[in-house]
1. Please compute the net charge surrounding Glu157, taking Lys and Arg as +1 and Asp and Glu as -1 over other residues with Cβ under 11 Å from its Cβ.
2. To the nearest 0.05, what FRET efficiency results for Asp139 and Ser43 with a Förster distance of 30 Å applied to their C-beta separation?
3. Tell me whether the stretch 66-188 comes out rounded, prolate or oblate; compute the Cα gyration tensor, take square roots of the eigenvalues as a ≥ b ≥ c, and use a/c under 1.5 as the rounded threshold.
4. Out of residues 5 or more away from Tyr57 or on other chains, whose amide H comes under 5 Å of its own, with H placed 1.01 Å from N in the peptide plane?
5. With r defined as the distance between the Cβ atoms of Thr120 and Asp174 and R0 fixed at 35 Å, what FRET efficiency is calculated, to the nearest 0.05?
6. Among the listed pairs Lys42/Lys64; Lys80/Lys175; Lys80/Lys128; Lys128/Lys175, which have their C-alpha atoms separated by more than 26 angstrom in this model?
7. Amide H to amide H, which residues 5 or more places from Ile183 or on other chains are under 5 Å from it, using H placed in the peptide plane?
8. Using label points projected 7 Å from each Cα along Cα→Cβ, tell me how many nm separate Asn148 and Asn103, to one decimal.
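Computed from the coordinates by the stated procedures, all read-outs in this text should not be read as laboratory data. For clarity, every value in this text was computed on a predicted model and none was experimentally measured. Methodologically, a virtual Cβ is constructed for each residue, glycine included, from the backbone with ideal geometry; neighbour enumeration extends over all protein chains shown.
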Amino acid sequence: MVRKIANKVLALAGYKLVRCRKPFRSVSSSLDPKRERCGLPKSALETIQAGAMRYTYKGISCLKNPFDLAIYAQLIHQTKPGTIVEIGSASGGSALWLSDQVNSFSLDTLIYSVDINVVTAVSAPNLKFLVGDIHHLDDSELPSLLENLRRPLMVIEDGPHYFDGSLAALEFFDKYLMPGEYIIIEDGIVIFATIVPSLAQCTLRREEKRR
Ligand SMILES: C[S@@+](CC[C@H](N)C(=O)[O-])C[C@H]1O[C@@H](n2cnc3c(N)ncnc32)[C@H](O)[C@@H]1O
C-alpha cells in the first residue's frame, strides 16, 4: 500500500519506485574508484535523470532531481549565503526555486543567474538574470555586481558541462571565493555514468588530466 502511494507521488514527478535486488553499496567503502562514482545502479540513475528533465517548479522547467533539491536546501540552510551565483539559467526554474528557498529561511540573499540566453519570463525581487558566457564572465555584468558582494558566496556551475567551461568558471570565481565558501559543479554523476553521452568529453578530458 505504502509502495503504491509512493509510486503515485513519484509518478507525478516522472519517477518510479523500483525494488532494488541488490542493496545499494556504501559509496565510501566499496566503489571501484576507476569505474564508478555513485552507489546507485545506472538504471536507477537513468530513471532519476529522466524524471529530473521533466520536473517543473511553479510550472517552470527546473532541471534538478530530488537529491539535488534536498542537498541544496540543506547547504543553503547551513551556510546562509548572502549571494548565490548560478551559471546556467535554462528556463529560470532553478533560480526561482533558489529565490523561494532563501526566502523560506528568511535569508537576505541576492541571486544572480547567468546564461547565454537571458530569461525574461521569470522574476522575483531577490533574483536577477544576466546574459553571459561562462568562458568570458569578465565581460558580463557579474564583476561589477560582485564588487561589494554579500557573503558568504555560493556558486552553482550548471552551464554547458564541458571541461573548458567548468575550468573557466573555476578560474573566474577563484578571484571571489573565500575559504569555507562553496562552488558546486553539477552533473558529475550523469557525465561519469555516460547517461548524457554528449557530455562524455568532460570525463575524457578529466581522465586525460589524471594520467
Ligand atoms: C543544464 S541547463 C541549466 C539548468 C538550470 N540551472 C536548472 O536547473 O533548471 C544549462 C544551461 O547552460 C546554458 N549555457 C550553455 N552554454 C553556455 C555558456 N557558454 N555560457 C553560459 N551558459 C551556457 C544553456 O543555455 C542552458 O540554459
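1. Working: positive: none; negative: Glu86, Asp158, Glu186, Asp187.
Once all neighbours under 11 Å are counted, the net charge is -4.
2. 0.10
3. Taking the square roots of the gyration eigenvalues as a ≥ b ≥ c, the stretch 66-188 is rounded.
4. The answer is Cys62.
5. After rounding to 0.05, the efficiency reads 0.70.
6. Values: Lys42/Lys64 18 Å; Lys80/Lys175 21 Å; Lys80/Lys128 19 Å; Lys128/Lys175 21 Å.
Pairs exceeding 26 Å: none.
7. When sequence neighbours closer than 5 places are left aside, the close amide H contacts are Val155.
8. In this crude spin-label approximation the distance works out to 2.6 nm.
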